[in-house]
Amino acid sequence: AELLRDSRSGMGRASREGLFLHHELLKSGDQSNLAGTLALLLCPEVDSAILERDPSSIRHEGLGLDRVNATILTHLGRSGAPGLDAESDQAARVLVAATPPDGVVVIEADDQAAAEIVGAFAGTVVVVSASGPVGASRGRKHMAVSLRGDHIVAETPDGREQILARISSVPD
């Protein structure tokens with residue numbers, strides 16, 4: 001959201017922090033639910049939406065849309081217990097199913113639960129790591145993005161690398 005916020009005037013975000021249009025707080029409080037999603041999607045000024053969704057909200061209220069361009073799955077295997085609770089697992093699967101083959105799913109390199117969920121996903125999977133190179137999966141539409149020194153580096157499935165940004169130039 002922070003990277004898009006400065007480049008798109010119609011960027012909206014619904015999250016635990018509230019409902020935002022560009023830099024402006026429209027509604028405070030937890031908006032990581034269906035009501036926050038719908039409020040943002042129905043706003044005529046929004047052309048790009050970042051939606052944070054709580055697994056319990058997805059289970060009890062539904063997703064509220066039928067297609068997303070990109071899904072970011074974070075902290076799935078980190079709830080304290082080994083494995084993934086059923087509610088989070090189902091919510092993650094709903095999100096991946098709503099991402100079409102021309103979409104992208106982003107997972108953390110050390111999150112085995114997320115890796116299992118995206119195993120059959122036909123689109124591009126981006127594996128990210130802050131602790132060094134992870135390597136892209138050869139022969140699949142997987143990319144790896146890692147932190148190397150002061151650079152964010154992407155590796156494509158064919159082994160090519162590209163510097164995406166310098167950490168010192170990314171907005172706070």
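The values are calculated or read from the model by the stated rules, or taken from the named source; none is laboratory data. Everything quoted here is computed from the prediction, not taken from an experiment. Neighbour counts are summed over all protein chains in view; Cβ atoms, including those assigned to glycine, are modelled from backbone coordinates with ideal geometry. What goes into the accessible areas is simple: the full protein's heavy atoms, side chains included, and nothing from ligands, DNA or RNA. Shrake-Rupley method; radii C 1.70, N 1.55, O 1.52, S 1.80 Å.
Okay, here's what the table says:
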read-out: Portion, in percent, of the accessible area of the range 17-124 that falls on carbon or sulfur, probe 1.4 Å; value: 53
read-out: Heavy-atom SASA rank of Ile167, Ile117, Ile152 (probe 1.4 Å, accessible area, largest first); value: Ile167, Ile152, Ile117
read-out: Protection proxy ranking of 61-73, 32-44 - average other beta-carbon atoms within 10 Å, highest first; value: 32-44, 61-73
read-out: Cα gyration tensor category, rounded, prolate or oblate, for the range 47-130 with a/c compared to 1.5; value: oblate
